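Participant: Input: one structure, supplied below.
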Amino acid sequence: METLRKSDFWYDLPEDRIAQTPADPRDASRLLIYRRDTGTVEHKIFRDVADELRAGDVLVVNRTRVLPARLYVRTANGGAAEVLLLKRLSLDEWEVLVRPGKKCRVGARLTVNEALSLEVRSVTESGERIVKFFYTGAFEDALARAGTVPLPPYIRQKLSDPERYQTVYARETGSAAAPTAGLHFTPELLERIRAKGVEVAEVLLHVGLGTFRPVKEENVLDHKMHAEYYEVSEEAAAIVNRAKREGRRIVCVGTTSVRTLETVADERGFLHACKGNTEIFIYPPYRFKCVDALITNFHLPESTLLMLVSALSSREEMLRVYKIAVEEGYRFFSFGDAMMIV
């Protein structure tokens with residue numbers, strides 16, 4: 001196989017194309033439709049996605065909810081640091097990202113407030129910290145009072161309503177970032193989609209460090225994905241498997257839903273209920289086993305997410321489509337516009 005380079009996935013993006021605020025209402029964002037069979041591109045509004053979905057389609061969504069995962073702490077000598085919760089390891093232990101790391105060596109005790117503190121227990125190979133929390137009452141309550149929802153670093157405006165960084169179907173708390181393709185849906189749009197005869201299946205993938213970690217190696221195959229926790233229920237597996245047997249489309253909302261299904265699917269594209277951690281890394285060429293179409297946002301240059309969407313067509317085609325999106329004034333990244341690949 002020819003070497004796949006990180007730089008092969010670079011594209012130019014003017015800074016003013018990076019969305020700083022979400023669309024209002026949610027489904028008023030723009031929607032680019034890319035048709036793989038003809039290579040054509042169409043421009044619509046996101047609520048038109050209901051017209052693109054067919055009776056019998058299965059729409060797969062990720063029900064994860066973003067943690068109030070950003071904590072501002074004080075060190076023993078009064079210094080300030082920032083802690084970002086990434087993954088729960090046990091009742092009281094978490095894997096976290098700390099800035100600046102030099103203030104938070106093994107043994108350091110960090111204080112959030114009188115009800116919540118933590119101690120650094122170890123440092124991972126890639127520089128994350130394993131910490132133990134100490135708290136009064138329930139941990140979730142202490143975290144809810146002290147933490148804030150972390151926005152990506154390229155969003156510099158404060159979010160007036162933190163719920164706008166949650167999907168309307170978010171139910172199970174555990175992510176360090178939102179599955180942003182789902183931010184465009186409203187309850188009314190989902191009801192309209194269901195009324196059309198589209199089934200909605202919920203899976204779970206808690207978004208972790210992979211969202212924040214850039215690809216550092218020039219050879220893409222040398223990049224290691226960070227493990228993320230997933231669950232596929234008996235109900236979700238049954239909905240997808242029934243559709244696969246009947247030749248109906250599986251349409252994923254977001255790359256997290258894609259990664260969950262492709263982790264669990266067998267060679268024929270059928271699922272079995274399970275839970276675990278996935279490190280699946282999808283890049284071209286890749287044969288999708290389960291997923292037929294994707295609703296997604298526009299992703300960062302050289303990111304694993306751009307590599308995943310490129311695998312649905314080709315690197316060259318996706319970069320061509322992204323160039324069109326830039327020229328047409330689409331808004332990019334977490335609060336940006338959407339794209340549907342069919």
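The values are calculated or read from the model by the stated rules, or taken from the named source; none is laboratory data. Quick caveat: nothing in here was measured; it's all calculated off a predicted structure. As a convention, Cβ positions derive from the backbone with ideal geometry for all residues, glycine included, and neighbour counts pool all protein chains shown.
Participant: Of everything in segment 118-146, what is among the charged types (D, E, K, R) and in a strand (DSSP E or B)? Give them in sequence order.
Facilitator: Result: 119, 121, 129, 132.
Participant: In segment 191-240, which residue that is among the polar types (S, T, N, Q) and not in a loop (DSSP other than H, G, I, E, B) is surrounded by the most Cβ atoms within 10 Å (Cβ to Cβ)?
Facilitator: My answer is 211.
Participant: Could you check how many residues of segment 140-154 are crowded, with 17+ Cβ neighbours inside 10 Å and over 12 Å from residue 20 (Cβ atoms)?
Facilitator: Within segment 140-154, residues that are crowded, with 17+ Cβ neighbours inside 10 Å and over 12 Å from residue 20 (Cβ atoms) number 6.
Participant: Are any residues in segment 260-274 in contact (Cβ under 8 Å) with a residue 24 or more places away in the chain and either acidic (Asp, Glu) or in contact with a strand residue (DSSP E or B) (Cβ under 7 Å, 6 or more places away or on another chain) (or both), and if so, which ones?
Facilitator: 260, 261, 262, 263, 264, 271, 273, 274
Participant: Of the residues in segment 95-147, how many are over 16 Å from residue 75 (Cα atoms), out of contact with any Gly (no Cβ under 8 Å at 6 or more places or on another chain) and not aliphatic (A, V, I, L, M)?
Facilitator: 14
Participant: Can I ask one more? Among the candidates 266, 222, single out the residue that is modelled with pLDDT of 95 or more, acidic (Asp, Glu) and either over 18 Å from the mean Cα position of the chain (by Cα) or under 30 Å from residue 11 (Cα atoms) (or both).
Facilitator: When all the criteria are applied, what remains is 266.
Participant: Moving on. Being in contact with a Phe, Trp or Tyr (Cβ under 8 Å, 6 or more places away or on another chain) and within 19 Å of residue 176 (Cα to Cα) narrows it down to one residue among 145, 88; which is it?
Facilitator: That would be 88, the only listed residue that is in contact with a Phe, Trp or Tyr (Cβ under 8 Å, 6 or more places away or on another chain) and within 19 Å of residue 176 (Cα to Cα).
Participant: Being surrounded by 13 or more Cβ atoms within 10 Å (Cβ to Cβ) and under 24 Å from the mean Cα position of the chain (by Cα) is true for just one of 157, 166. Which residue is that?
Facilitator: That would be 166, the only listed residue that is surrounded by 13 or more Cβ atoms within 10 Å (Cβ to Cβ) and under 24 Å from the mean Cα position of the chain (by Cα).
Participant: Could you grab me the full set of residues in segment 241-250 that are over 24 Å from residue 178 (Cβ atoms) and outside any loop (DSSP other than H, G, I, E, B)?
Facilitator: 241, 242, 243, 244, 245
Participant: I would also like to ask the following. Which one is nearest to residue 222 (Cα to Cα), of the residues in segment 298-330 that are of a type in the set (D, E, K, R) and either under 21 Å from the mean Cα position of the chain (by Cα) or in a loop (DSSP other than H, G, I, E, B) (or both)?
Facilitator: Filtering segment 298-330 for residues that are of a type in the set (D, E, K, R) and either under 21 Å from the mean Cα position of the chain (by Cα) or in a loop (DSSP other than H, G, I, E, B) (or both), the one nearest to residue 222 (Cα to Cα) comes out as 302.
Participant: Would you check if there is a residue in segment 74-84 being without any contact (Cβ under 8 Å) to a residue 24 or more places away in the chain and closer than 21 Å to residue 213 by Cβ?
Facilitator: Yes, because at least one residue in segment 74-84 is without any contact (Cβ under 8 Å) to a residue 24 or more places away in the chain and closer than 21 Å to residue 213 by Cβ.
Participant: Which of the residues that make up segment 251-289 are of a type outside the set (A, V, I, L, M), part of a helix (DSSP H, G or I) and under 25 Å from residue 49 (Cα atoms)?
Facilitator: 255, 256, 257, 259, 260, 262, listed by residue number.
Participant: Looking for whichever is part of a helix (DSSP H, G or I) and surrounded by 15 or more Cβ atoms within 10 Å (Cβ to Cβ) here; the options are 65, 47. Which one fits?
Facilitator: Result: 47 is the single residue among 65, 47 that is part of a helix (DSSP H, G or I) and surrounded by 15 or more Cβ atoms within 10 Å (Cβ to Cβ).
Participant: Still on this model: For segment 241-252, give me each residue that is surrounded by 16 or more Cβ atoms within 10 Å (Cβ to Cβ) and either charged (D, E, K, R) or without any contact (Cβ under 8 Å) to a residue 40 or more places away in the chain (or both).
Facilitator: 241, 244, 248, 249
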